[in-house]
Amino acid sequence: MKPFKVSKRTRTIEYAIRDVIGFAKDLEKQGKKILYLNIGDPVKYDFDTPSHIKKALCDAVNSGSNFYGASEGEKELREAICEKEKRTNRIDIAPDDVVVTSGVSEAIQMSMAAIVEKGDEIMMPGPTYPSYMSYAQFYEGKPVFYRTVEAEGWQPDTDDIREKISKKTRAIIIINPNNPTGALYDEKTVREILNIAAEHELLILSDEIYDRIVYGKRFVSTSYLAKDIPVVGLNGFSKAYLATGWRLGYLYFHDPTGKLAELKECVKKETRIRLSSCTPVQKAGITALKGPQECVKEMVDKLRLRRDYTVKRLCEMNGIGCTQPEGAFYVFPRIQKIGSKWKTDMEFVLDVLNKAGVLLVPGSGFGAAYGSGHVRAVFCADMNTLEKSMDNLEAFMKK
């Protein structure tokens, strides 16, 4: 019997952050110790979900909240999200503007499904989080990468955005703070992007999952700056509340002039066909938002020390240049000899993995146009893992 035919849309899916794991697992089978710096999951290291949030999940399960929830999300959680966005980001939205999702990944998928037709172009920062380009392509659209400037802390080049807008452009994506670069975008830059969107009547998708993980300047939400410009905001609980495996996220519609009514209704239709997000986890999400918030500051203080250590070590290595991230928990260093000693960043990643036992992610996996020649590493790992990884990488670079 011939192999069963599968769709083109699934054959072409790529997700560099996890695609590299197979190479590491093969080496582990041979007895080699691997240090993983590829996935941004603090809970895999020495961080833990705050105890009062874990208790809330257990209480929800034990009290019988194990039923299907409302498709758009439990009302009390959506109300708590509105309160959080008002308190933290100075945004006025109503519960009806909020849709609860199974992580931000599902929010990305639903957004793309609702706005992308065959041949449509979606503008996104280069480099970008891989799910955006993968889902744009999945729905037969085309990712168009706008330049971010490494020498300026990976700030977006708004002139480049203007030049790349075409009749097929449907939306502009902002990821702030940024994954993979850790950039925190200037208010002036975000305002310029909003003005461009308004001028061309384009939708803005603003991914703000790292809004509370910043180290210097204050984060300012795109929706706060947007005034009457429509924005779809994406956020969640994985990072700030260290609940990565719980898969709880949300999107909201900042829509002062009513331009997103049909889009909102169509996204809600999508939530109905997948029934609902996990009900007990939603109950715990309410506690996360309404309960003590000191845990967030403690996490950020801990991450700041690890960022400073990681950047210092990388900048001391010959052949590596690293811009200091101002948000999230990633570094995106440039490897100077990619293109000469190593033909590609993937070749460099595999060489480091085989000889130094450290797993990184090739920068081209975040969009080859602006990611090539770089690698991404996390600094949310415990200090022991970071120290060993930096020691191994430094020894590798010296050789």
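Kindly express, to the nearest 10 degrees and within the range 0 to 90, the angle between helix 103-115's C-alpha long axis and the longest C-alpha principal axis of the chain.
Here the helix axis deviates by roughly 70 degrees.
If I take all pairs of Cα atoms in region 51-290, what percentage of them are more than 23 Å from each other? Walk me through the numbers before you get to the answer.
On the way: 13370 of 28680 pairs.
Cα-Cα pairs in region 51-290 separated by more than 23 Å: 47 percent.
Out of P256, P156, P42, any idea which swings most in a Gaussian network model of the chain, alpha carbons joined below 10 Å?
Judging by the Gaussian network model, the answer is P256.
Shape call for region 121-196 from the C-alpha gyration tensor, a ≥ b ≥ c root eigenvalues: rounded (a/c under 1.5), prolate (a/b greater than b/c) or oblate?
Details: a/c = 2.07, a/b = 1.31, b/c = 1.58.
Oblate, because a/c is 1.5 or more while a/b does not exceed b/c.
Using alpha-carbon pairs under 8 Å, 6+ residues apart, how would you state the relative contact order of region 51-290 in percent? All intermediate terms of the calculation are to be shown ahead of the outcome.
Values: 444 pairs, mean separation 70.2, N = 240.
Answer for region 51-290 is 29 percent.
Please give the helix 383-398 orientation as an angle from the longest Cα principal axis of the chain, in degrees from 0 to 90, rounded to the nearest 10.
Long axis of 383-398 versus the principal axis of the chain: about 50 degrees.
Which of the trypsin sites (Lys or Arg not before Pro) found in region 241-332 are in a DSSP loop and have at most 16 neighbouring Cβ atoms, other than their own, within 10 Å? If you can, show how the numbers build up before the last one.
Values: sites: R247, K259, K264, K268, K269, R272, R274, K283, K290, K297, K302, R304, R306, R307, K312, R313; in loops: R247, K259, R274.
Here the sparse-neighbourhood loop sites are K259, R274.
If you rank K217, K388, K84, K2 by fewest surrounding Cβ atoms within 10 Å, what's the result? It would help to have the intermediate numbers written out before the result.
Working: K217 12, K388 17, K84 20, K2 4.
Fewest-to-most ranking of K217, K388, K84, K2: K2, K217, K388, K84.
Run the simple label-point estimate for K302 and E152 please: 7 Å along Cα→C-beta, distance reported in nm.
About 3.6 nm separates the two model spin labels.
Most mobile of P292, P143, P333 per a Gaussian network model of the chain (Cα springs, under 10 Å)?
The residue with the greatest mean-square fluctuation here is P292.
Please give the helix 187-200 orientation as an angle from the longest Cα principal axis of the chain, in degrees from 0 to 90, rounded to the nearest 10.
Roughly 60 degrees, rounded to the nearest 10.
Can you give me the C-alpha center-to-center distance between region 180-194 and region 94-161, rounded to a whole angstrom?
When both Cα centres are located, 15 Å separates them.
Among the trypsin sites (Lys or Arg not before Pro) in region 88-148, which ones are in a DSSP loop with at most 13 other Cβ atoms within 10 Å of the Cβ? Mind listing them? Intermediate results must be reported in sequence, preceding the final value.
Numbers: sites: R90, K118, R147; in loops: R90, K118.
Here the trypsin sites (Lys or Arg not before Pro) that fit, given the DSSP loop and packing criteria, are R90, K118.
Per DSSP H run of n ≥ 4, the term is -39500 (n - 2.57); total these for the chain, divide by its residue number, and report the mean residue ellipticity at 222 nm rounded to 500 deg cm²/dmol. Don't skip to the end; give the middle numbers.
Working: 16 runs with 171 residues, N = 399.
Only helices count here, giving -13000 deg cm²/dmol.
State whether region 20-140 is rounded, prolate or oblate according to the following rule on the C-alpha gyration tensor (a ≥ b ≥ c being the square roots of its eigenvalues): a/c under 1.5 gives rounded; otherwise a/b larger than b/c gives prolate, and the remaining case gives oblate. Please report the intermediate quantities before stating the final value.
Details: a/c = 2.03, a/b = 1.16, b/c = 1.76.
In terms of gyration-tensor shape, oblate.
Comparing F23, F237, F253, which has the greatest mean-square fluctuation in the GNM of the chain with Cα pairs linked when under 10 Å apart?
F23
Tell me whether region 42-97 comes out rounded, prolate or oblate; compute the Cα gyration tensor, take square roots of the eigenvalues as a ≥ b ≥ c, and use a/c under 1.5 as the rounded threshold. Let's see the in-between values first.
On the way: a/c = 2.53, a/b = 1.22, b/c = 2.08.
Oblate is the answer for region 42-97, as a/c is 1.5 or above yet b/c matches or exceeds a/b.
Can you run phi through the Karplus equation (6.51, -1.76, 1.60; θ = phi - 60°) for region 129-136 and list ³J(HN,Hα) in whole Hz, with x for Gly and Pro?
Using θ = phi - 60°, the values come out as 5, x, 4, 5, 6, 5, 6, 4 Hz.
Check which residues have an amide H placed less than 5 Å from L35's amide H, if you skip close sequence neighbours.
Hits under the 5 Å cutoff: V358, L359.
Could you state the number of Å between the C-alpha centres of region 336-365 and region 45-69?
40
Return the loop-located GluC sites (Glu not before Pro) in region 1-85 (DSSP other than H, G, I, E, B) with at most 16 other Cβ atoms within 10 Å of their own Cβ; answer none if there are none. The partial results should precede the final answer.
Numbers: sites: E14, E28, E72, E74, E76, E79, E83, E85; in loops: E14, E72, E74.
Of the GluC sites (Glu not before Pro), the ones in loops of region 1-85 whose Cβ has at most 16 other Cβ atoms within 10 Å are E14.
Mind jotting down a quarter of the surface of the convex hull over the alpha carbons of region 163-241, in square nanometres, one decimal?
On the way: hull surface 22.8 nm².
One quarter of the hull surface, i.e. the mean projection, equals 5.7 nm².
Between C315 and A198, what FRET efficiency follows from the Cβ-Cβ distance if R0 is 45 Å, with the result rounded to 0.05? It would help to have the intermediate numbers written out before the result.
Values: r = 40 Å, r/R0 = 0.88.
My answer for the efficiency is 0.70.
Full-extension gain between Y68 and D391, please, as 0.36 nm times their residue separation minus the C-alpha to C-alpha distance.
On the way: separation 323, 0.36 × 323 = 116.28 nm, distance 4.92 nm.
Taking 0.36 nm per residue and subtracting the Cα distance, the gain is 111.4 nm.
No lab work stands behind these numbers, since they all come straight from the coordinates. None of the values given here were measured: they were computed from a predicted structure. Using ideal geometry, Cβ is built from the backbone for each residue, glycine included, and neighbour counts are taken over all protein chains shown.
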